[in-house]
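> After the structure tokens below, expect a handful of questions from me.
The values are calculated or read from the model by the stated rules, or taken from the named source; none is laboratory data. All values reported here derive from a predicted model rather than from experimental measurement. Note: ideal-geometry Cβ built from the backbone for every residue, glycine included; neighbour counts use all protein chains shown.
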Amino acid sequence: MRLTFDKSDERFREEVASWLNEKLSGEFSKIKYRGGPGDENAFIDERKSWEATLADGGWIGIGWPIEFGGRGASIERQVIFHEEYARAGGPGRIGHIGETLLGPTLYEFGTRSQCERFLPGILEGREFWCQGYSEPNAGSDLANIKTKAVFDQSTNRWLLTGQKVWTSLAQESDYSFVVARTNPESSLHKGLGFFLVKLQQPGIEIRPIRQMTGTAEFNEIFFNEAVCNAENVVGPPEEGWKVAMGLLGFERGISTLGQQMLFQNEFDAVVSLAKENGSAKIPELRTRIAEAHIGLKIMRYNIMRVLSGFSDAGELQPAALISKLYWAKWHRNLGKLAMDVMGPEGEFLIDTPYELGRLQSLFLFTRADTIYGGTNQIQRNIIAERALKMPREPRG
């Protein structure tokens, strides 16, 4: 693992910083630092335009292989891009699920025709994706999926019926990758398919879920015989679990670099307020700020370690398994720190009913960090069983 950057990397840093500082002015100045967790409903149209601008500059998919339209950038240069994006105040990415999750999954598991159909829309910043995994009874226990897919031979299409929940930005997306059960006699991770589904069609209803922060970036999606063409199934129809788990490997990898960009912005906002209102002079808060800074750096170095080497099978190192548990606890603690730095003012709304300040939203949103994406309890089981090779937890 390299923790420093050579001269050519630093020239790349200058290129990135110069482009971002130029473009994040004028029409895009108002979206700087906006659109992160708890703020994902902000400036949707402007952030979609920003995606197109990123595409014009060649900054979408920089880590993708050149043969699939990317730049083939090294891990070091991908780190540099995310660092400079954070420093410039780049807004939360509407296209990040397509770029960091689906794209790598397609060129790893998909067909050439699937790549030719879907990758250009992601790279050009004109087609947006959401993730159709969790269900009311299949969250951390993802293998309990009940959404079913039935093949109609007369039309060569699959018909999907069921419900997905906690789907980020579904109302702004064009497509969803959906895990559904293709074999009604199967159970757990067997008999599942991985479908690429167009959202704007009959048989699909999207309902926003309003949260305590007042926003509704999460959604429920209801499928009632929604169609998916046979050519839009990734991998064999009964082996979608392998594809779904491969995608989660990308979520624990490069995707985390973009997430840390958001964390850095939030941490900087806490530090700025602490200096402004004098709370930085309180020894306990100074200590907690220092601990948060150290934790963020450790998070970054661990991800660089993980991405610097793969197993013989091309899989991420076992160290990748700690990332969700680590950042969830760190981010939740940052939310608590933000409230304590605000002091009594943090308990007052700016206006009614839902005009929350940025750090108030941070505190409320981080209450969910240790639940979504796999609860802390489930993450500890995964670390024990997969990384440490301990016996499986007894099952009923």
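> Report every pair of residues separated by at least 6 positions or lying on different chains whose Cβ atoms are under 8 Å apart, first residue within the stretch 339-357 and at positive phi, second at pLDDT 65 or above.
Sorted first by the residue in the stretch 339-357, then by its partner, the pairs are GLY343/ASN277; GLY343/SER279.
> Do we find that SER176 is farther than 28 Å from SER361 by Cβ and hydroxyl-bearing (Ser, Thr, Tyr) in this structure?
So SER176 fails the test.
> I'd like to check which strands (runs of 3 or more DSSP E) are fully inside the stretch 159-228 and have at least 2 residues that are touching a strand residue (DSSP E or B) at 6+ places or on another chain (Cβ under 9 Å) and buried (at least 20 other Cβ atoms within 10 Å of the Cβ).
In the stretch 159-228, 175-181, 192-198 are the strands (runs of 3 or more DSSP E) which contain 2 or more residues that are touching a strand residue (DSSP E or B) at 6+ places or on another chain (Cβ under 9 Å) and buried (at least 20 other Cβ atoms within 10 Å of the Cβ).
> Scan the stretch 31-38 and give yes if some residue there is under 9 Å from PRO91 (Cβ atoms) and assigned to a helix (DSSP H, G or I), otherwise no.
Within the stretch 31-38, one or more residues are under 9 Å from PRO91 (Cβ atoms) and assigned to a helix (DSSP H, G or I).
> Run ASN144 past the list (1) surrounded by fewer than 21 Cβ atoms within 10 Å (Cβ to Cβ); (2) modelled with pLDDT under 95; (3) over 22 Å from GLY235 (Cα atoms); (4) not basic (Lys, Arg) and report the number of the one that doesn't hold.
Condition not satisfied by ASN144: (3).
> Which of the residues that make up the stretch 64-80 are assigned to a helix (DSSP H, G or I) and surrounded by fewer than 17 Cβ atoms within 10 Å (Cβ to Cβ)?
Correct list: ILE66, GLU67.
> So, one more: Only one of these is outside the structural domain of ALA230 (by TED's automatic domain parsing), of a type in the set (Phe, Trp, Tyr), modelled with pLDDT of 95 or more and out of contact with any Cys (no Cβ under 6 Å at 6 or more places or on another chain): PHE177, PHE118. Name it.
One residue alone meets the criteria, PHE118.
> Given the structure, is ASP39 touching a residue at least 12 places away in the same chain (Cβ under 8 Å) and under 20 Å from the mean Cα position of the chain (by Cα)?
Spelling it out, ASP39 is indeed touching a residue at least 12 places away in the same chain (Cβ under 8 Å) and under 20 Å from the mean Cα position of the chain (by Cα).
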